[in-house]
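A short worksheet on the structure shown next.
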Amino acid sequence: MLFYALLLVAAAARLVMQMAALPPYAGLDEIYHVARLAFVRAEHRNPRIDERSIPPYLERSIIGDPNASAAFGVIGERWPEVVHNRPVIVDRPLQPSDLKPYVRTNYQAQHPSPYYSLIGPLMPVRTPMTELRGWRLCSIFFAIVVVLATAVIAERWFGPAGILAAATVLSLPTWLTLLVRAGNDGLACAMLAIGAAISTAAPRRSGGIAAEAIAWAAAIATKLYTWPVALVLLFVWHRQRARPARVIVVLAACAISAALTVADLASRTHNPVGSVAFDATRQRMAAPPIRVFEMVKVTIASAAWSSGQHWDALRPVAIVLAAGPVLIAVWWVAGASLIEIRRMMGPRPYAPPEIQQDPTIIAIIVLLAFAVAQFINALAFIRQAHAAGLALPQGGKEGWYWFAVVPLVVPGLLAPAIARFRMIAWWIVGWDLLITEVALFHDFSGDSSPANPNALFRWGPLHLPFTAHLEGIAVGPFVSAIVLLRLIHLAAFFAISA
């Protein structure tokens, strides 16, 4: 329990620190997620894809009105100019004229409804920053659930080293971007993590089986990228020799959830999966060659560090330095595991069901299934781009989506690597410090720009850590305690490692 208490302290400190530093509407479409939450709160239903649903107060931030809070994820490379020329946060009580009439359609209507229907009504109508903090706090809670569930799975397979591996998740900058903001990814990842934790424990009692079915059904209903991950259940059940009743109950729950999700999306969008990439197309102009290599580059760069969609990024040498040692260690351990697994094709005869499954194989199956799904998504966006005469598709290159598979990939691949090479954990934390303290927080404060690139980052120059001034820029709370929160995170992480 001591390890888990330390992990909880580390998670709370690191996640609250990240949230404390975030400017308004900090990226990955956060402002559009907030717009949908506000619509559901007011209308008690989810919007159609072609229905005006963005309230005026958020539209003013989107278009850059100086009388509204600046939207970090929309402004992009002009952020330093905005920071230095006008107030970033403009907060006042919302009036009826701020809420209606709705101004434009919201492409975030393409997502399933559960997250917005659950989280939207939680925040009353007060001020824009009050509701933003509240909805971000919900994401913090979901992120903590992901970390704890990852630790449970990893400890079951690799002992205390698994808890240390779960603690390193808190230092994955792209995972933080995905989870620490108002958006449906938090709930989707939390439900996926809970489902994975229950499934890998091989539940036998009716209560555990019901919880397994509910968690996976909720994950499937929240976001579609959980669907390929759920395929790993077939392998897990086979290795556990799961009882037919358990398999039938979970499959039935997932099938019902998927059917209801498709029905919801088909009624509100132009296709059964919601994504605009799958809408019907009609050729309108001569199409230039698709820049496939550019799509691959963007995917890799946004997976290495998705910095809130203002387009700072790690340069290629930094990506190699940050990820290279980790990937080499993972490859070393995974290769040894695969050699061992090859000579044991059947279930282990004397192992209990919860450790029958082979962690490395589970992680590889998840990655392969997710890769196939993302490839199909990319092809759909390529089809749309070809019809619209675009060389670079609008989507299909979202590297941050890959961090949804953390609850199974970290226990299956990173945990055994850390069990053998302990310094890998500190390597990950070291890059977290470098990226966050030297680059990201200074990007937030407006002290860097693409006009001054350096060897590691597209935005520069390099700054000393712990020197970013975020008062009046970060939404908070606890803006003044960012350094203290980092020290608490590092102390708890050191205690787990030691």
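The values are calculated or read from the model by the stated rules, or taken from the named source; none is laboratory data. No experiment lies behind these values; they were computed from the predicted model shown. Glycine gets a Cβ as well: all are built from the backbone with ideal geometry, and neighbour counts include every protein chain shown.
Restricting attention to region 435-479, the residues being of a type outside the set (Phe, Trp, Tyr) and within 19 Å of residue 20 (Cβ to Cβ) number 25. In region 244-256, the residues that are at pLDDT 95 or above reach residues that are aromatic (Phe, Trp, Tyr) with C-beta atoms within less than 7 angstrom, at least six apart or across chains, in these pairs: 247/237; 250/216; 253/216; 254/216.
Please verify whether region 271-284 includes one or more residues that are surrounded by 16 or more Cβ atoms within 10 Å (Cβ to Cβ), free of Cβ contacts under 8 Å to residues at least 40 places away in the same chain and farther than 26 Å from residue 175 by Cα.
Of all residues in region 271-284, those surrounded by 16 or more Cβ atoms within 10 Å (Cβ to Cβ) come to 271, 273-279.
Those left that are additionally free of Cβ contacts under 8 Å to residues at least 40 places away in the same chain: 271.
Checking which are farther than 26 Å from residue 175 by Cα leaves us with 271.
Yes, region 271-284 contains at least one residue that is surrounded by 16 or more Cβ atoms within 10 Å (Cβ to Cβ), free of Cβ contacts under 8 Å to residues at least 40 places away in the same chain and farther than 26 Å from residue 175 by Cα.
In region 1-38, which residue that is part of a helix (DSSP H, G or I) and out of contact with any helix residue (DSSP H, G or I) (no Cβ under 8 Å at 6 or more places or on another chain) is surrounded by the fewest Cβ atoms within 10 Å (Cβ to Cβ)? Checking each candidate, the answer is 2. Scanning region 417-476 for residues that are under 22 Å from residue 71 (Cβ atoms), of a type in the set (A, V, I, L, M, F, W, C) and surrounded by fewer than 20 Cβ atoms within 10 Å (Cβ to Cβ) yields a single hit, 451.
Among the residues of region 377-404, those that are outside any helix (DSSP H, G or I) and more than 16 Å from residue 278 (Cβ to Cβ) comprise 389, 390, 391, 392, 397. Close contacts from region 348-374, counting a first residue that is on the phi > 0 side of the Ramachandran plot and of a type in the set (S, T, N, Q) and a second that is outside any helix (DSSP H, G or I) and modelled with pLDDT of 85 or more, with Cβ to Cβ under 8 Å and a gap of 6+ residues or different chains, come to none at all.
Taking the condition under 24 Å from residue 421 (Cβ atoms) and within 19 Å of the chain's Cα centre (by Cα), does residue 177 pass? Give the steps one after another, and end with the answer.
Working: under 24 Å from residue 421 (Cβ atoms): no; within 19 Å of the chain's Cα centre (by Cα): yes.
No; evaluated as a whole, the condition is false for this residue.
Residues that are more than 15 Å from the chain's Cα centre (by Cα), buried (at least 18 other Cβ atoms within 10 Å of the Cβ) and not in a loop (DSSP other than H, G, I, E, B) within region 302-317 comprise just one, 314. Here residue 43 does not fit the description of being more than 23 Å from residue 178 (Cβ to Cβ), in contact with a strand residue (DSSP E or B) (Cβ under 9 Å, 6 or more places away or on another chain) and surrounded by fewer than 21 Cβ atoms within 10 Å (Cβ to Cβ). Residues considered: 39, 72. Of these, the only one that is within 21 Å of residue 110 (Cβ to Cβ) and not basic (Lys, Arg) is 39. Consider residue 78 against the criteria (1) touching a Phe, Trp or Tyr at 6+ places or on another chain (Cβ under 7 Å); (2) free of Cβ contacts under 8 Å to residues at least 12 places away in the same chain; (3) of a type in the set (Lys, Arg): it satisfies all of them except one. Which criterion is unmet? Every listed condition holds for residue 78 apart from (1).
Scanning region 282-305 for residues that are of a type outside the set (Lys, Arg) and either within 17 Å of residue 387 (Cβ to Cβ) or at pLDDT below 90 (or both) gives 283, 285, 286, 287, 288, 289, 290, 292, 295.
Looking at this structure, is residue 374 assigned to a helix (DSSP H, G or I) and polar (S, T, N, Q)? Taking the combined requirement at face value, the residue satisfies it. Taking (1) of a type in the set (Val, Ile, Thr); (2) outside any helix (DSSP H, G or I); (3) surrounded by fewer than 21 Cβ atoms within 10 Å (Cβ to Cβ) in turn, residue 82 satisfies each apart from (2).
Listed here are the residues, each with its yes/no results for (1) in contact with a Gly (Cβ under 7 Å, 6 or more places away or on another chain); (2) outside any loop (DSSP other than H, G, I, E, B); (3) over 18 Å from residue 412 (Cα atoms).
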| position | (1), (2), (3) |
| --- | --- |
| 125 | no, no, yes |
| 142 | yes, yes, yes |
| 145 | no, yes, yes |
| 148 | no, yes, no |
| 164 | no, yes, no |
| 183 | no, no, yes |
| 186 | no, yes, yes |
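Against the numbered list (1) more than 30 Å from residue 264 (Cα to Cα); (2) at pLDDT 95 or above; (3) of a type outside the set (S, T, N, Q), residue 176 comes up short only at (1). In the set (1) without any contact (Cβ under 8 Å) to a residue 40 or more places away in the chain; (2) over 18 Å from residue 25 (Cβ atoms), residue 113 fails one condition alone, (1). I need the full set of residues from region 430-445 which are within 14 Å of residue 78 (Cα to Cα) and either charged (D, E, K, R) or modelled with pLDDT under 95 (or both), in order please. The answer is 443, and nothing else. Applying the set (1) under 30 Å from residue 448 (Cα atoms); (2) under 27 Å from the mean Cα position of the chain (by Cα); (3) touching a residue at least 12 places away in the same chain (Cβ under 8 Å) to residue 90 leaves exactly one unmet item: (2).
Table: residues versus (1) touching a residue at least 60 places away in the same chain (Cβ under 8 Å); (2) touching an Asp or Glu at 6+ places or on another chain (Cβ under 8 Å); (3) surrounded by fewer than 23 Cβ atoms within 10 Å (Cβ to Cβ); (4) not hydroxyl-bearing (Ser, Thr, Tyr).
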| site | (1), (2), (3), (4) |
| --- | --- |
| 151 | yes, no, no, yes |
| 161 | yes, no, yes, yes |
| 164 | yes, no, no, yes |
| 185 | yes, no, no, yes |
| 215 | no, no, no, yes |
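The condition of being among the hydrophobic types (A, V, I, L, M, F, W, C), over 26 Å from residue 478 (Cβ atoms) and in contact with a Lys or Arg (Cβ under 6 Å, 6 or more places away or on another chain) holds for only one of 62, 54, that being 54. Filtering region 1-49 to residues that are acidic (Asp, Glu) and in contact (Cβ under 8 Å) with a residue 40 or more places away in the chain leaves 29, 30.
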